[in-house]
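Below is one structure, written out as structure tokens; the observations come after it.
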Ligand SMILES: Cc1cc2nc3c(=O)[nH]c(=O)nc-3n(C[C@H](O)[C@H](O)[C@H](O)COP(=O)(O)OP(=O)(O)OC[C@H]3O[C@@H](n4cnc5c(N)ncnc54)[C@H](O)[C@@H]3O)c2cc1C
């Protein structure tokens, strides 16, 4: 039976990086991937452009990592965002930094990231076996001894000195991430924190599809559970087929989904004109219409809102489409201003794992040694990437988690094997 120093289960961002860091330490590495090709998820990242990291300093970067950025600090410091950029530059990928410190390949093609990783993997003579699903881990005297792999040829057993599980979370299962690593962890008795979709679309009650395609720039939002504010954000919201998303919609989704899964109702309050107070808005309406005393509601809304929102707001205000407002009745003008400053969106549901960007929850961090990514109970078993309970905001944070933890697991597994080779 063939034996490897290190087997890596899952050829996504984390597994490919782990295989490179282990092979660079001289290890004999086998990278197993259940799909027909490696890196399927990378291909769809950043809308096909792959936002591979974010160049913020750790003090700022760490604010975008959940639930425990200090666990991630060692992996990040070992292979930081700057190291990720240097790494890709060295293997032939030019990178550019865009708005919000987001890094992308200069070609704008996520496929260039996958190609570069695979050619480095080939150069380092890592054996890659596609269409090969790790289906079981075999232990012997408290250590990983073999993995069982299902492929077209049936189930094969392969011996290894260490195993790194990088099977991903549960998001976009069509790319291959279907929670297999959570299953392995459960079998071995490791704790798993509840998994939920994160960075996902939120669907308003009675969602009006006429808002689809609308992009609201620089709005202020507050996420409420009952009367408590859970989160406040400033930025852009985008309406799609699935409800609202965009940078802010996605960012609040982590807490909103958690609250809803705990049985709470959540509400989003949007200030569509955060730069103006209510009084300033009333003055603006006054100025816009000069001496005109009777003003059609539709005309006021057209002055203040994107045209796509006007029919929706006419419905929302329940004043009737042909309503004429009078400046002599300031209560009615105030009602409009109040609705624009406090647009209330009751959230009904959210898009599930099938189309969310990332999984929150996963293998409990205190099962792992943050310096190595090894499990505390089985020293030659490592977990890295989205399978563990670490996730980030949009902006390149999640791929950095995958790259840093994968790199650390690969290096640590190599170090363990070298140490045991010298002591035997
Ligand atoms: C639409 C979308 C856009 C995104 N955009 C960005 C972005 O621009 N920037 C960013 O930072 N993050 C982005 N993310 C998140 C990021 O892609 C993931 O967090 C990251 O790829 C996770 O890497 P991973 O290697 O841990 O897991 P995955 O990429 O999910 O890889 C896991 C691999 O393991 C394989 N596998 C699973 N089970 C087995 C098994 N039993 N045996 C063998 N192989 C197995 C899977 O087939 C898969 O190839 C995006 C995610 C999505 C869905």
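Values for this structure:
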quantity: The range 390-424 and the range 150-214: distance between their alpha carbon centers, rounded to Å; calculated: 19
quantity: Helix 246-261 vs. the chain, principal-axis angle (Cα, 0 to 90°, nearest 10); calculated: 80
quantity: Residue-span extension gain [residue 209 to residue 420] - 0.36 nm each, minus C-alpha spacing; calculated: 69.8 nm
quantity: For the range 64-125: rounded, prolate or oblate by the Cα gyration tensor [a/c cutoff 1.5]; calculated: oblate
quantity: Mean separation of Cα contacts under 8 Å, 6 or more apart, over the residue count of the chain: relative contact order %; calculated: 25
quantity: Degrees separating the helix 397-423 axis from the principal Cα axis of the chain, which is the longest one; calculated: 20
quantity: Approximate shape of the range 330-386 as ellipsoid semi-axes (Cα gyration tensor, √5λ), whole Å, largest first; calculated: 50, 13, 8
quantity: Ascending count of other beta-carbon atoms within 10 Å, so fewest first, for 338, 83, 393, 262; calculated: 262, 338, 83, 393
quantity: Nearest-0.05 FRET efficiency for residue 376 and residue 193, computed from C-beta distance (R0 25 Å); calculated: 0.95
quantity: With Cα atoms, 0 to 90° folded angle of helix 81-90 axis to the chain main axis; calculated: 60
quantity: Residue 123 versus residue 326: modelled label distance in nm, points set 7 Å from Cα along the beta carbon direction; calculated: 7.9
quantity: Choice from 255, 37, 227 with maximal GNM fluctuation in the chain (Cα, 10 Å cutoff); calculated: 227
quantity: Highest-fluctuation residue, 254, 376, 99 considered, GNM on the chain with Cα pairs under 10 Å; calculated: 99
quantity: Packing-based exposure ordering (other Cβ within 10 Å, fewest first) of 295, 388; calculated: 295, 388
quantity: Sorted by Cβ density within 10 Å, fewest first, the residues 397, 312, 104, 172; calculated: 312, 172, 104, 397
quantity: Anisotropy class of the range 205-264 from Cα gyration tensor, a/c 1.5 cut; calculated: oblate
quantity: Percent of C-alpha pairs per 10 Å bin, the chain, short to long; calculated: 5, 21, 26, 20, 13, 8, 5, 2, 0, 0
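All of the numbers you see were taken from the coordinates with simple rules; none came from a lab. Please read these numbers as outputs of a predicted model, since none were measured by experiment. A quick note on method: Cβ atoms are made from the backbone with ideal geometry, for glycine too, and the neighbour counts reach across all protein chains shown.
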